[in-house]
Amino acid sequence: MPRAFITGITGQDGRHLAEFLHAKGYEVFGMVKGQNNPKMTEMRDEFPYVQPVPGDLTDLPSLVKALDQAQPDEVYNLAAISFVAMSFNQAELTANVTGTGVLRMLEAIRIVGGSQSNPMRFYQASSSEMFGKVRETPQTERTPFHPRSPYGCAKVFGHDITVNYRESYGMFACSGILFNHEGPRRGLEFVTRKVTNAAARIKLGVQEDLVLGNLDFKRDWGYAGDYVKAMWMMLQQPEPDDYVIATGETRTGQELVELAFAEAGLDDWRRYVRQDPKFFRPAEVDLLIGDASKARERLGWVPEVDFPTLVKMMVEHDLAMERAKLDRG
Ligand code: NDP
Ligand code: GDR
């Protein structure tokens, strides 16, 4: 039975990946941070087959112990301070967790190692935020980076150090440059889920309006369930490499709002939505659209869920969730 170790197991992608790897017959270990983390109970209920292991990306000895305990064949480093807006306010923490945390994980793998015939394989969760103020469109594995936030800067370090450890020490280390991916498990702080949840609550009469920031931005949005499959595919290749994972389509913030409100059965979204500069970022990423040709050709990966289906899935989930809350009283 192959063994997988996932950091960020309590996050959106960690949960999708745990499900995916379990279905493939993996023994799944999930790193959980903190004392009495409330998400640990949720995870135990949802994924009784995941073996929790304590650890924190800011603490190298904890990572060494965690790997020693799990003895995985594959390590997926999904943990991060992942909210771009928050990274402007907690830049040093973001650098430490999202950036230097990758270095610690790579060092822990070098220390614990795995056998020579079967060294641990490493996946790093890189991000389209590294392209930031984009130098070319669409963005590929060769597009230069120009990050626009402390989060983006930290991800560039994580990406570069992963490539460096591969080249310096011959590690099987891959970096997936994933564009935005969403779904019903997305945190409520991110714009897609904030919008689909608000549309559901407004429809049910428990919320009056929705306050957003900039709506002119464009994103290449896919479904998280499709994207975790690409992570696994990268680690099954004969050679480690980096891959862009994206749909190749881009949509504005306004298109997201229009679709979500229509899906919830609300006629005129403009009646409910207003903008507040407090949600504007000091520097914005205006346009992202990825070219995933390399992943398609070498991994055979293609996205299966398109944008309207994704929004529909999220709105339906949020309507059911909010209705259940009302029924409970
Ligand atoms: P989430 O924000 O949903 O999950 C982040 C996870 O990191 C949580 O499990 C959190 O634990 C954990 N974490 C935070 N700080 C630490 C720490 N110091 N030590 C250990 N664990 C920690 O992110 P996603 O699932 O959406 O994303 C997964 C990864 O992919 C992230 O690295 C993100 O930056 C990257 N990414 C995401 C994209 C997306 O569109 N979703 C696109 C490109 C990259 P807890 O719950 O206990 O706080
Ligand atoms: P992003 O996702 O920054 O792309 O990072 P987010 O959903 O936070 O923002 C997308 C765009 O929406 C604009 N926006 C708002 N965003 C939020 N969160 N809340 C609002 O009210 C709001 N109004 C407008 C933002 O300005 C931005 O342009 C996500 C994260 O998952 C990262 O970890 C990941 O690396 C990238 O996607 C790819």
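Odds and ends about this structure:
- Per-region count, the stretch 249-294, residues assigned to a helix (DSSP H, G or I), of a type in the set (Gly, Ala, Ser) and out of contact with any Ser or Thr (no Cβ under 7 Å at 6 or more places or on another chain): 3
- Test result for Gly30, closer than 30 Å to Arg148 by Cβ, within 13 Å of ligand 1 (Cβ to nearest atom) and either without any contact (Cβ under 8 Å) to a residue 40 or more places away in the chain or not in a loop (DSSP other than H, G, I, E, B) (or both): no
- Pro54 away from ligand 1 (no atom under 13 Å from the Cβ), within 21 Å of Glu19 (Cα to Cα), surrounded by fewer than 18 Cβ atoms within 10 Å (Cβ to Cβ) and without any contact (Cβ under 8 Å) to a residue 24 or more places away in the chain: no
- The number of residues in the stretch 218-244 that are closer than 16 Å to Phe172 by Cβ, of a type outside the set (D, E, K, R) and not in a helix (DSSP H, G or I) comes to 5.
- The set of residues in the stretch 1-24 that are farther than 23 Å from Tyr223 by Cβ and either more than 13 Å from ligand 1 (Cβ to nearest atom) or exposed (fewer than 15 other Cβ atoms within 10 Å of the Cβ) (or both) comprises Met1, Pro2, Arg3.
- When we screen Asp286, Asp276, Asp291 for residues that are under 27 Å from Arg201 (Cβ atoms) and either within 16 Å of ligand 1 (Cβ to nearest atom) or not hydrophobic (A, V, I, L, M, F, W, C) (or both), the only hit is Asp276.
- Candidate set: the stretch 146-190, residues that are under 30 Å from Leu259 (Cβ atoms) and more than 11 Å from ligand 1 (Cβ to nearest atom); chosen: the one surrounded by the most Cβ atoms within 10 Å (Cβ to Cβ): Ser149
- If you go through the stretch 112-137 and keep only what is over 18 Å from Asp73 (Cα atoms) and either within 12 Å of ligand 1 (Cβ to nearest atom) or out of contact with any Gly (no Cβ under 6 Å at 6 or more places or on another chain) (or both), you end up with Ser126, Ser127, Ser128, Glu129, Met130, Phe131, Lys133, Val134, Arg135, Glu136, Thr137.
- Taking the criterion of being part of a loop (DSSP other than H, G, I, E, B), polar (S, T, N, Q) and in contact with a Phe, Trp or Tyr (Cβ under 8 Å, 6 or more places away or on another chain), the residues of the stretch 177-217 that qualify are Asn180, Asn214.
- A single member of Ala283, Ala264, Ala260 is under 21 Å from Ser127 (Cβ atoms) and among the aliphatic types (A, V, I, L, M), and it is Ala283.
- The condition of being β-branched (Val, Ile, Thr) and under 16 Å from the mean Cα position of the chain (by Cα) holds for only one of Thr252, Thr192, that being Thr192.
- Residue in the stretch 88-103 that is within 21 Å of Phe172 (Cβ to Cβ) and surrounded by fewer than 21 Cβ atoms within 10 Å (Cβ to Cβ) present: yes
- Any hit, the stretch 133-141, residues being out of contact with any Leu (no Cβ under 9 Å at 6 or more places or on another chain) and not in a loop (DSSP other than H, G, I, E, B): no
A short reminder: the numbers here are calculations on the coordinates, not readings from a lab. In this text the structure is predicted, and so the values were computed from the model without any measurement. Neighbour counts are summed over all protein chains in view; Cβ atoms, including those assigned to glycine, are modelled from backbone coordinates with ideal geometry.
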